[in-house]
Amino acid sequence: MASIKDVAAAAGVSVATVSRVLNEHPSVSADARTRVLAAVEALGYRPNAVARSLRTDQTRTLGLVISDVLNPYFTELARSVEEEARALGYSVIIGNADERPDLQDHHVRTLLDRRIDGLLVSPTDGGSPLMLDAVRAGTPMVFVDRWIPGVEVPVVRADGQRAVRDLVAHLHGLGHRRLAIIAGPAATTTGSERVEAFRAALAEYGLDLPDAYTGQGDFQAESGRRVTEGFLDLPEPPEAVFAADNLMALGALDAIRARGLRVPDDIALAAFDDIRWFVHTDPPVTAIAQPTGELGRAAVRALVDRIGGLPGESVTLPARLVVRRSCGAPSGGTPVTNRSES
């Protein structure tokens, strides 16, 4: 295996120059950089990452703690994070919190013990003091999708308020008046935010959101099934159900079918977080799509900025409504601004 001395000899430069090239130091001339990179390629040289980390106090490793690896939204988010990190010369270690605050904190502690350069987190709740302690200790951190109020780090997320208003407008235009929501955990920012956006959108049409039409879920399919069963047992069931994430929507669909009911003939169904499966269900599910890939890439860039001593910018990207047939839309969907059809 080639050593850094072999690379230096082949390129006709010093070992220090090779090191500066590999660490992207700006003081190296273009000619020397070209010769070193050519020698690296010809010899198949691979730097010793462990030794380099001891010299630079960096491991070129990022930590990512996601809320639920089984949720397709977070799976896609993790993939985009890994791809962007790799493009910037970093590796990623992923921890799955499984929507459990204790497991989330376990992964955070483990990653910090492994001397990661920075940490991306989608928090499972808003009460963990560990995040604040890590930030105070100087750990570069960025929140993605969710955030913890009071912890001053960049937040990369999607804004779904406009898309939720579009959804309510869509449902209202189809004649639905009794609208219900399967909410996510109130302790999460996304859980509370989506309920409030739905309530505010209903108010624009003079509609209330009764307690009976607000079911508490946990971003898991079983809770979507349980809450929907409760809706269907009401003396006056809702005409449409909005699940605040994709897994709860799948649970709702199971509950509706178990009663021998049909979507959208007997009840309409929509979801937050579009997933590829929704185009294959019968009928395809209307959903609010987040720009998941863009969020992951932006989160990595913000974190790398933090690692480099820059403040890192919060990023908010718009979500959009994707109209399909699960709410009773006419064939071909309803063409309106900021909506797309699948």
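The values are calculated or read from the model by the stated rules, or taken from the named source; none is laboratory data. Predicted model only: the values in this text are computed from it and were never measured. Here the Cβ positions follow ideal geometry from the backbone for every residue, glycine too, while neighbour counts run over all protein chains shown. Note: areas computed on protein heavy atoms with side chains; ligands, DNA, RNA excluded. Shrake-Rupley method; radii C 1.70, N 1.55, O 1.52, S 1.80 Å.
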Shape call for region 201-314 from the C-alpha gyration tensor, a ≥ b ≥ c root eigenvalues: rounded (a/c under 1.5), prolate (a/b greater than b/c) or oblate? prolate
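Rank these residues by their accessible area, most exposed first, probe 1.4 Å: 136, 178.
Details: 136 180, 178 70 Å².
Correct descending sequence by accessible area is 136, 178.
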Please find, in a Gaussian network model of the chain (springs between Cα atoms separated by less than 10 Å), the residue of 285, 315, 155 whose mean-square fluctuation is greatest. 315
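Round to a whole number: what % of the accessible area of the chain belongs to carbon and sulfur, probe 1.4 Å? All intermediate terms of the calculation are to be shown ahead of the outcome.
On the way: 7900 of 15710 Å².
Solvent-exposed carbon and sulfur of the chain make up 50 percent of the total.
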Give, as a single signed number, the net charge of other residues whose beta carbon lies under 9 Å from the beta carbon of residue 68, with Lys and Arg counted +1 and Asp and Glu -1. -2
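Might you report the magnitude of the Cβ-based charge dipole of region 225-266 about its Cα centre, with Lys and Arg at +1 and Asp and Glu at -1, to the nearest 20 debye? Provide the component values of the computation, followed by the final result.
Working: 5 positive and 8 negative charges, 39 e Å.
Using Cβ point charges on Lys, Arg, Asp and Glu, region 225-266 gives about 180 debye.
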222 nm mean residue ellipticity, helices alone, for the chain (DSSP H n ≥ 4; -39,500 (n - 2.57); rounded to 500): -13000 deg cm²/dmol
Please list 3J(HN,Hα) in residue order for region 111-121, calculated via the Karplus relation 6.51 cos²θ - 1.76 cosθ + 1.60 where θ = phi - 60°; whole Hz, with x for glycine and proline. 5, 5, 5, 8, 6, 4, 7, x, 9, 9, 9
For the chain the mean separation of alpha carbon contacts under 8 Å (6+ apart) over residue count, i.e. relative contact order in percent, is 16
Short version: what are the Cα gyration tensor semi-axes of region 267-324, square root of 5 times each eigenvalue, largest first, in whole Å? 34, 10, 6
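Could the peptides 28-39, 193-204 be put in order, highest first, of the mean number of other beta-carbon atoms found within 10 Å of their residues? Walk me through the numbers before you get to the answer.
Details: 28-39: 15.5, 193-204: 18.5.
The peptides rank, most packed first, as 193-204, 28-39.
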Taking every C-alpha to C-alpha distance in region 6-158 and binning by 10 Å from 0, the per-bin percentages run 10, 33, 26, 17, 12, 1
Ordering of 95-101, 296-302 by packing [mean C-beta count within 10 Å, highest first]: 296-302, 95-101
Under 25 °C and 0.890 mPa s, how fast does region 91-162 diffuse according to Stokes-Einstein, given a Kirkwood radius computed over C-alpha pairs? Answer in µm²/s, whole number. 195
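Sorted by mean Cβ packing within 10 Å, highest first, what order do the peptides 171-177, 81-87 take?
Listed from highest to lowest mean packing, they are 81-87, 171-177.
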Project the alpha carbons of region 128-210 onto their principal axes and report the range along each, largest first, in whole Å. 54, 21, 16
Under the rule of at least 5 residues apart or a separate chain, name every residue whose amide H is placed under 5 Å from the amide H of residue 159. 317, 319
